[in-house]
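**Q** Can you keep this structure in mind? I'll have questions shortly.
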């Protein structure tokens with residue numbers, strides 16, 4: 001599902017004998033999502049054949065992690081008077097969503113009853129005692 005671009009994105013592609021520059025602003029749309037191999041980004045400016053343009057980018061998870069790590073190391077480059085609250089909120093949301101996914105995956109590996117694994121380790125005497133308590 002694409003959304004309007006709220007600000008601006010600039011794209012530069014540089015090849016040995018070619019140079020492409022594109023700007024995507026408020027009249028353009030974007031789509032971003034994760035898939036099984038990484039993150040996909042689509043910047044799309046619809047319109048006449050002469051004005052139409054799009055950029056598709058897919059970054060595998062390992063590279064995305066390195067990119068985010070590099071960004072983390074350069075946060076000091078953001079001017080101190082710049083309001084980064086929206087970016088911080090989104091980063092927190094991504095962190096929490098990924099953390100919830102890790103916790104969820106860990107829970108599927110564990111038995112639903114935290115004491116269920118203990119049942120196989122009970123001595124015969126403990127089993128008899130448990131049966132008497134349950135009666």
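Please treat every number below as a calculation from the coordinates, not as lab data. Values in this document were obtained by computation on a predicted structure and should not be read as measured data. Ideal geometry is used to build each Cβ from the backbone, glycine not excepted, and the neighbour counts take in all protein chains shown.
**Q** If I model a spin label as a point 7 Å beyond the Cα along the Cα-Cβ vector, how far apart are those points for residue 106 and residue 42 in nm?
**A** A separation of 3.6 nm, rounded to one decimal place.
**Q** Using the beta-carbon distance between residue 58 and residue 80 and R0 = 25 Å, what value does 1/(1 + (r/R0)^6) give for FRET efficiency, to the nearest 0.05? List each step's numbers first, then the result.
**A** Values: r = 34 Å, r/R0 = 1.38.
Working from the Cβ atoms, E equals 0.15.
**Q** A further question follows. Would you calculate the separation in nanometres between label points at residue 33 and residue 2, each defined as 7 Å from the Cα along the Cα-to-beta-carbon direction?
**A** In this crude label model, residue 33 to residue 2 measures out at 1.4 nm.
**Q** Shifting gears a bit: Can you list, bin by bin at 10 Å, the percent of alpha carbon pairs in region 1-77, starting at 0?
**A** 16, 37, 39, 8, 0
**Q** For each of 67, 5, count neighbouring Cβ atoms within 10 Å of the residue's Cβ, then give the residues from fewest to most. All intermediate terms of the calculation are to be shown ahead of the outcome.
**A** Numbers: 67 12, 5 17.
Ordered by Cβ neighbours within 10 Å, fewest first: 67, 5.
**Q** How would you rank 76, 2, 69, going from fewest to most other Cβ atoms within 10 Å of each one's own Cβ?
**A** Working: 76 6, 2 13, 69 9.
Lowest count first: 76, 69, 2.
**Q** Counting other beta carbons within 10 Å of each residue's own, what order do 44, 36 fall into, fewest first? It would help to have the intermediate numbers written out before the result.
**A** On the way: 44 17, 36 5.
The order, fewest Cβ neighbours first, is 36, 44.
**Q** Once you have the Cα-Cα distance between residue 92 and residue 25, take 0.36 nm times their residue separation minus that, and quote the gain in nm to one decimal.
**A** 21.5 nm
**Q** Separate question: With label points built 7 Å along Cα→Cβ from the Cα atoms of residue 14 and residue 69, find their separation and express it in nm.
**A** 2.5 nm
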